[in-house]
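Enquirer: There's a structure below that I have some questions on.
The values are calculated or read from the model by the stated rules, or taken from the named source; none is laboratory data. Just so we're clear, the structure is a prediction, and the values are computed from it rather than from any experiment. Counting neighbours? That spans all protein chains shown, and the Cβs are built from the backbone with ideal geometry, glycine included. Surface areas here come from the heavy atoms of the whole protein model, side chains and all, with no ligands, DNA or RNA. Shrake-Rupley method; radii C 1.70, N 1.55, O 1.52, S 1.80 Å.
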Amino acid sequence: MDITKLTETGEQCLMRTYARLPLALCRGEGSWVWDTEGKRYLDFVTGLAVTSLGHSHPEIVRVIREQAGLMLHSSNLYWNEPQVRLARTLTEHSFADRAFFCNSGAEANEGAIKLARKYAKKHYGEHKTKIISLRGSFHGRTLATVTATGQERYHKGYEPLPADFGYAERDDAAALEEVLDERTAAFFLEPVLGEGGVFPLSKEFMLAARNICAKKGILLVFDEVQVGMGRSGYLFAHEAYGVTPDVMTLAKALGNGIPIGAVLAGGQAAETFAPGDHASTFGGNLLAAAVATRVTEIMTEEGFLPDVREKSAWFAAELGKLARKAAIPGQVRGMGFMLGLPVGEAGPRIVESCRREGLLVNCVGGDTLRFLPPLTVSRAEMEEALDILDKVLGNT
Ligand SMILES: Cc1ncc(COP(=O)(O)O)c(C=O)c1O
């Protein structure tokens, strides 16, 4: 189907949840993707921070083929070895003692909300039910996670929203003491806000959150759905802050394109759920778990994460130089390979010009170009992306 026909048919039979660009991707290799017309692009979107090891990574293709030939799914009525191996791999590489697997970021956060309510009631009583998150955050689109998402535009039309959710201001450590009150069960944070515009939280704020939560018996939950799994230059972004949560959620890059989400918990929080408390039919099935284990193994191989830190620091510095050359007043911000450049209302136009020149980037918060290259991107590919940006920004 050519793109005109595809667009026309899609407009007729798909629900209108997305304002899509007139582009259909059908093949990928490493940092490159091809559309249905045969045009090649450098992929600095990576399916929204999902294909972090690049497209068609030979090891991931091998594991998918091998596991597909053995068994895809068996249900959580039984043990499955890939799931146990994945839980062991993730707990060995994190603060966590136990893992629960599901299928997406929203579902992971939904699970963490349920875990927090259950934990708080069990340890402190029926009154402790509030879930606090940050204004400007993004935690998903289910009814509970969209309520935790601190952006009103996502709430509109879905009221009444679930009760007992509240919001704190990003980086306002002084106000936290009051917002996180005795009725609070959990405080949800993205260490680097993603959809809200690529804002890394300050270390001071992260430390204040950790201290207040510990003091008041509040579970500190880090949503690392977007920034986790190597994107920050560390396996988990909180490692760079030296601040450990009680619970962490993952999804996106965990499966490099195979849908999987995870709730990881440490200490007493990890003991919250009993059989029957929570479940997911597909959660941690053999295919998703085998792939996610291999993804985690590759990302924790010696040299992988230092290389991400080195390459991303170089790219961020070069991006800063380009921005200054184009007289863009905003500063590059972010962490590792999750970078944002505020460009004002020209954002969508720049995205479109980059696309025409063969570079895929997207725009978040209405005014910020977001760069999410594969963690495996080469220096030559980064240079090519910068050349395209240089040309586009020069003409904007
Ligand atoms: C930080 C964060 N949490 C949760 C989600 C929701 O994930 P999903 O779309 O897989 O439900 C996203 C998606 O962008 C996200 O960036």
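Enquirer: Out of all DSSP beta bridges in the range 156-293, what portion is antiparallel? Express it as a percent rounded to 5.
Expert: About 45 percent, rounded to the nearest 5.
Enquirer: Can you pull the percent of the chain's accessible area that's carbon plus sulfur, 1.4 Å probe, other chains left in place?
Expert: It is 53 percent, rounded to a whole number.
Enquirer: If you build a Gaussian network model of the chain, linking Cα atoms that sit under 10 Å apart, which residue out of 13, 213, 102 swings the most?
Expert: Comparing 13, 213, 102 in a Gaussian network model of the chain, the most mobile one is 13.
Enquirer: Next question. Largest first, how would 221, 84 line up by accessible area (1.4 Å probe)?
Expert: Ranked from most to least accessible, the order is 84, 221.
Enquirer: Another question, if that's okay. Do the alpha carbons of any pairs in 122/252; 325/391; 128/215; 121/216; 128/216; 128/252 sit beyond 20 Å of each other, and which pairs?
Expert: Violating the 20 Å limit, Cα to Cα: 122/252; 128/252.
Enquirer: Kindly identify the range 243-355 as rounded, prolate or oblate by the Cα gyration tensor criterion: order the square roots of the eigenvalues as a ≥ b ≥ c, call it rounded if a/c is under 1.5, otherwise compare a/b with b/c, prolate if a/b is larger, else oblate.
Expert: The shape class here is prolate.
Enquirer: How high is the FRET efficiency between residue 271 and residue 391 when r is their beta carbon distance and R₀ equals 51 Å, given to the nearest 0.05?
Expert: Efficiency at R0 = 51 Å is approximately 0.35.
Enquirer: Also, quick follow-up: Could you order the peptides 25-32, 235-242, 299-306 from most to least packed, using the average number of other C-beta atoms within 10 Å per residue?
Expert: Averaged packing, sorted descending, gives the order 235-242, 25-32, 299-306.
Enquirer: In whole Hz, what ³J(HN,Hα) sequence does the range 96-109 give by Karplus (6.51, -1.76, 1.60; θ = phi - 60°), x for Gly and Pro?
Expert: Those phi angles translate into 7, 9, 9, 10, 10, 10, 9, 10, 7, x, 4, 5, 5, 5 Hz.
Enquirer: Would you pull out the residues with amide H under 5 Å of residue 54's amide H, same chain only if 5 or more places away, H placed 1.01 Å from N?
Expert: When sequence neighbours closer than 5 places are left aside, the close amide H contacts are 375, 376.
Enquirer: Using amide H atoms built in the peptide plane, which far-off residues or other-chain residues are under 5 Å from residue 102 H to H?
Expert: Answer set, sorted by chain and number: 261, 262, 263, 284.
Enquirer: Once you have all Cα-Cα distances for the chain, histogram them in 20 Å bins from zero and send the whole-percent values.
Expert: Bin by bin from 0 Å, the calculated values are 27, 58, 14, 0.
Enquirer: Roughly how many Å² of residue 110 are accessible to a 1.4 Å probe, to the nearest 10?
Expert: Rounded to the nearest 10, that gives 50 Å².
Enquirer: For the range 156-168, what does the Karplus curve 6.51 cos²θ - 1.76 cosθ + 1.60, with θ = phi - 60°, yield as ³J(HN,Hα) per residue in whole Hz, taken in order and with x for Gly and Pro?
Expert: These are the phi-based 3J(HN,Hα) values: 3, x, 10, 5, x, 7, x, 7, 6, 10, x, 10, 10 Hz.
Enquirer: If you count the DSSP beta bridges with both ends in the chain, what percent of them are antiparallel, to the nearest 5?
Expert: So the antiparallel bridges amount to about 65 percent of the total.
Enquirer: Can you compute 3J(HN,Hα) from phi for each residue in the range 82-95, using the Karplus curve 6.51 cos²θ - 1.76 cosθ + 1.60 with θ = phi - 60°, rounded to whole Hz and x for Gly and Pro?
Expert: Here the 3J(HN,Hα) series is x, 5, 5, 5, 5, 4, 5, 4, 5, 6, 5, 9, 8, 6 Hz.
Enquirer: So which residue, out of 323, 163, 96, gets the largest mean-square fluctuation from a GNM of the chain using Cα contacts under 10 Å as springs?
Expert: 163
Enquirer: In a Gaussian network model over the chain where Cα atoms closer than 10 Å are linked, find which of 248, 335, 15 has the largest mean-square fluctuation.
Expert: 15
Enquirer: A further question on this structure: Put one equal scatterer on each alpha carbon of the range 1-86, apply the Debye formula with no solvent term, and list log10 I(q)/I(0) at q = 0.13, 0.25 1/Å to two decimals.
Expert: Per q value, in the given order, log10 I(q)/I(0) is -0.67, -1.16.
Enquirer: Which FRET efficiency value, to the nearest 0.05, do you get for residue 74 and residue 36 by plugging their Cβ-Cβ distance into 1/(1 + (r/R0)^6) with R0 = 41 Å?
Expert: 0.70
Enquirer: Taking Rh as the Kirkwood radius, which is the inverse of the mean 1/r over Cα pairs, what is the Rg/Rh value for the range 71-299?
Expert: Across the range 71-299, the Cα-based Rg/Rh ratio is 0.95.
Enquirer: For the range 71-299, with every protein chain kept in place, what is the accessible area per residue (1.4 Å probe, Å²)?
Expert: On a per-residue basis, the range 71-299 sits at 40 Å².
Enquirer: With charges only on Cβ, +1 for K and R and -1 for D and E, what is the dipole size of the chain about its Cα centre, in debye, rounded to 20?
Expert: Around 320 debye, computed over the chain.
Enquirer: Let me have the 222 nm mean residue ellipticity of the chain computed from DSSP H runs of 4+ only, each contributing -39500 (n - 2.57), with the sum over all residues rounded to the nearest 500.
Expert: -12000 deg cm²/dmol
Enquirer: Amide H of residue 223: which non-local residues (sequence gap of 5 or more, or other chain) have their own amide H closer than 5 Å, using H built in the peptide plane?
Expert: 189, 190, 249
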